[in-house]
Amino acid sequence: MPLVVAQDLSKTYRVADKRPGLVGAVRHLLNRRYRDIQAVKNVSFQIEPGEIVGFLGPNGAGKTTTLKMLTGLIHPTSGRCEVAGYRPFARQRALLRQITMVMGQKQQLIWDLPAVDSFRINAAVYDISPDQYRQRIDEMAQMLGLKDEIFQPVRKLSLGERMKAELMAALLHRPAVLFLDEPTLGLDVNAQTSVRSFLRGYNQRYGATILLTSHYMADITALCPRVILIHHGSLIYDGSLEDIRRRFAPWREVKIELAGGEARAADLARFGEVIQATGREARLIVTRDALTHSVEQLLDALEVEDLTVTDPPIEEVIGRLFKDGIAAEAKTEN
């Protein structure tokens, strides 16, 4: 049985249509007009227990709105959603004990108090026994590499330490479903790696189901075998990362290092699309059909010391998918 179900999920906001300037303000006061903004449009997907799924899309695509509907923070305009067999907007206690939501740009910890005090409040809210509380705090602190930090005021913690403490607070009641909205936002590389390792370990240890949004593709490639892409409020892809490369990347990346001289974009443009040219090194995008011919021409025309052909980075594939409007094609195929 799927643990998370979205069926034709839609959300439309009615906003005031105000024109700029004094005249627009007066007209808005006397004759107010509205327009509808459809943030999410007929989105459908299912997530099985224990899955880690990446939820991707550009800013304003509808990711956070969808997560808020799945956690019951906002009511859908139409469609249906269920989490662990419950309707999220009903906010039943049995559901709230099974879910959590972490937003990288917001915090639940009390700023001037030690994180451990916020943990105690959450333990009381969820009726967690003292023995369970101590065991869970010790376990998560060890997994996240936190020790004395949880006894310091939250305002004195680094951003990475604060996010780890936020995860501890959010997971203290050991939820079965995690909705994570940019959990590594603003963190340095080491902190990002630590958070990813913790989430992977938590999933493996407790079988937690995770729906994760992130603008850091390293989060997605490290954690999510499956991804859901949303663009302008519509779902355009639901499948594996590797299948994205196969279906939407009809090109290969060619990296070269010249034996001498400088790699100039103008000289390389005839062999493919130049992505980068710095010093003696360059990166080109070449269609798969033209790859053999382009490489042969490149080797004949230039003195190449090293050449590597690889699949392009997944973030470039997804970026081009959104940028070039392949969304319509993907939607038609699905």
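The values are calculated or read from the model by the stated rules, or taken from the named source; none is laboratory data. Predicted model only: the values in this text are computed from it and were never measured. FYI the Cβ positions are ideal-geometry reconstructions off the backbone, even for glycines, and counts take in every protein chain you see. The area values use the complete protein model at the heavy-atom level, side chains included, leaving out ligands, DNA and RNA. Shrake-Rupley method; radii C 1.70, N 1.55, O 1.52, S 1.80 Å.
If R₀ is 35 angstrom, what is the calculated FRET efficiency for the pair V189 and D243, using the beta carbon separation as r and rounding to 0.05?
Rounded to the nearest 0.05, the efficiency is 0.80.
When only alpha-carbon atoms are used, what values of Rg and Dmax, in angstrom, describe segment 171-243?
12.9, 36
List every residue whose amide H lies under 5 Å from the amide H of A282, counting only residues 5 or more places away in sequence or on a different chain, with H placed 1.01 Å from N in the peptide plane.
Hits under the 5 Å cutoff: I256.
Treating the beta-carbon of each Lys and Arg as +1 and of each Asp and Glu as -1, no other charges, what is the dipole magnitude of segment 1-83 about its Cα centre, to the nearest 20 debye?
Using only the charged Cβ atoms, the result is roughly 780 debye.
Taking only Cα atoms, what is the 0 to 90° angle, nearest 10, from helix 130-144's long axis to the longest principal axis of the chain?
Helix 130-144 sits at roughly 10 degrees to that axis.
Grab the alpha carbons of the chain, take their convex hull, and tell me the volume per residue in Å³.
That works out to 211 Å³ per residue.
In segment 267-310, which trypsin sites (Lys or Arg not before Pro) are in a loop and have at most 16 other Cβ atoms within 10 Å, using DSSP for the loop call?
Counting only loop positions with at most 16 other Cβ atoms within 10 Å, the trypsin sites (Lys or Arg not before Pro) in segment 267-310 are R280, R288.
Run the numbers on segment 1-122 and let me know its relative contact order in percent, using alpha-carbon pairs under 8 Å that are six or more apart.
Reported as a whole number, the value is 29 percent.
Pick out which of E139, E296, E149 has the largest mean-square fluctuation in a Gaussian network model of the chain, springs linking Cα atoms closer than 10 Å.
Among E139, E296, E149, the largest mean-square fluctuation in the Gaussian network model of the chain belongs to E296.
How much of the DSSP bridge set in the chain is antiparallel, in percent, rounded to the nearest 5?
For the chain, the DSSP antiparallel bridge percentage is about 70.
Size of the dipole of the chain about the Cα centre, Lys and Arg at +1 and Asp and Glu at -1 on the beta carbon, nothing else charged, in debye to 20?
Computed charge dipole of the chain: roughly 2120 debye.
Just the Kirkwood number for segment 52-153, please: inverse of mean 1/r across all distinct Cα pairs, in Å, one decimal.
16.2
Given R₀ = 22 Å, FRET efficiency for N59-Q108 by Cβ-Cβ distance, to 0.05?
0.40
With an 8 Å cut-off on Cα pairs and a minimum separation of 6 or more residues, tell me the relative contact order of the chain in percent.
18
Cα axis of helix 189-206 to longest principal axis of the chain: angle in degrees, 0 to 90, nearest 10?
Here the helix axis deviates by roughly 60 degrees.
On the protein heavy atoms, probe 1.4 angstrom, tell me the percent of accessible surface of the chain carried by carbon and sulfur.
Reported share for carbon and sulfur atoms: 49 percent.
For segment 157-245, which GluC sites (Glu not before Pro) are in a loop by DSSP, counting at most 12 other Cβ atoms within 10 Å?
Qualifying residues, ordered by number: none.
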